[in-house]
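**Q** First the structure, which I've put down as structure tokens, then a few questions once you've had a look.
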Amino acid sequence: VNAVAVAVDGTHPTLPPFNLFDLTDDQGAYDFVVPTGADFYIKPYRDDSPLNGVSTFDLLLINKHVLGLELLPSAYKLVAADANRSNTVTTFDIVELRKLLLGITQQLPNNSSWRFVDARHIFPNQPNPLQGGFPDSVFIADMQPWTPSMYDFVGVKVGDVNESADPGFAGQISEDRAAMTFTLDDALL
């Protein structure tokens with residue numbers, strides 16, 4: 001996912017605490033130089049274009065899941081469906097997404113538009129993968145030159161369970177939802 005803010009917050013035994021920041025490039029890559037011996041967290045964040053990829057079809061799929069008619073097939077789709085960030089998928093998530101689609105709210109009140117999961121994370125409870133949460137950051141202790149230098153995250157667009165979002169989309173979807181009045185002659189329509 002491009003345009004993701006990635007923060008590195010850390011400490012070092014002989015240096016002051018440090019905070020680094022980078023935006024991912026078009027391929028979702030980021031780069032930091034961290035001193036040897038440092039302890040630090042890497043945390044990605046993106047909260048723009050909440051309607052990107054969210055449609056009434058997503059609401060239908062979430063509703064089928066809640067009713068037990070057709071369960072969402074992956075943990076990441078459940079992360080996307082959890083609009084209110086409660087670590088459960090319920091009708092309350094549908095309500096929050098419906099308010100977003102209708103323009104009643106401009107963003108999800110308790111969530112960002114994107115969530116990120118440590119790519120190495122294995123959801124331990126497959127029947128209920130959101131139970132207990134999931135890591136949205138990575139901690140590296142005592143950074144050494146031989147420490148793996150690639151830390152990947154899986155980006156999940158909140159509300160988009162059918163994966164139709166465009167990760168490169170950075171603008172707001174503009175729709176005029178104003179009421180319209182028609183004046184017509186008396187006729188059979």
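The values are calculated or read from the model by the stated rules, or taken from the named source; none is laboratory data. If you're wondering where the values come from, they're calculated on a predicted model, not measured in any experiment. Here the Cβ is made from the backbone with ideal geometry for all residues, glycine too, and neighbour counts use every protein chain on show. For the accessible areas, the whole protein counts, side chains as well, though only heavy atoms, and no ligand, DNA or RNA atoms are used. Shrake-Rupley method; radii C 1.70, N 1.55, O 1.52, S 1.80 Å.
**Q** On average, how much accessible surface per residue is there in the chain, in Å², for a 1.4 Å probe, leaving out ligands, DNA and RNA?
**A** Accessible area per residue, the chain: 60 Å².
**Q** Run down the lysines and flag those whose C-alpha is under 19 Å from the C-alpha of Lys43, throwing out any fewer than 8 positions away in its chain.
**A** Counting by Cα, and skipping residues close in sequence, Lys43 has these lysines nearby: Lys157.
**Q** Here is a follow-up. Share of the stretch 12-166's accessible area from carbon and sulfur, percent, 1.4 Å?
**A** 57 percent
**Q** Let me ask you something else. Treat every Asp and Glu Cβ in the chain as -1 and every Lys and Arg Cβ as +1, leave all other atoms uncharged, and give the resulting dipole magnitude about the Cα centre to the nearest 20 debye.
**A** My answer is approximately 520 debye.
**Q** I'd like the distance between the alpha-carbon centres of the stretch 53-121 and the stretch 16-35, rounded to an integer number of Å.
**A** What the calculation gives is 29 Å, centre to centre.
**Q** Right, here's the next one. Please report the equivalent ellipsoid semi-axes of the chain, computed as sqrt(5 x eigenvalue) of the Cα gyration tensor, largest first, in whole Å.
**A** Here the semi-axes work out to 39, 21, 13 Å.
**Q** Same structure again: Ratio of Rg to Rh for the stretch 106-150, alpha carbon only, Kirkwood?
**A** 1.09
**Q** Sorted by average packing, counted as other Cβ atoms within 10 angstrom per residue and highest first, what order do 44-53, 151-160, 125-134 take?
**A** Packing proxy ranking, top to bottom: 151-160, 44-53, 125-134.
**Q** Something else about it: Which one of Thr91, Tyr151, Leu102 has its Cα pushed farthest toward the positive end of the charge dipole of the chain, where Lys and Arg give +1 and Asp and Glu give -1 at the Cβ?
**A** Ranked along the dipole, the leading option is Thr91.
**Q** To test your reading of the geometry: what angle, between 0 and 90 degrees and rounded to tens, separates the Cα axis of helix 56-67 from the longest principal axis of the chain?
**A** That works out to roughly 80 degrees.
**Q** Given a Förster distance of 25 Å, report the FRET efficiency between Gln144 and Leu20 from their Cβ-Cβ distance, rounded to the nearest 0.05.
**A** Efficiency at R0 = 25 Å is approximately 0.85.
**Q** Using only Cα atoms, tell me the angle between helix 91-101 and the longest principal axis of the chain; keep it within 0 to 90° and round to the nearest 10.
**A** Its long axis makes an angle of about 80 degrees.
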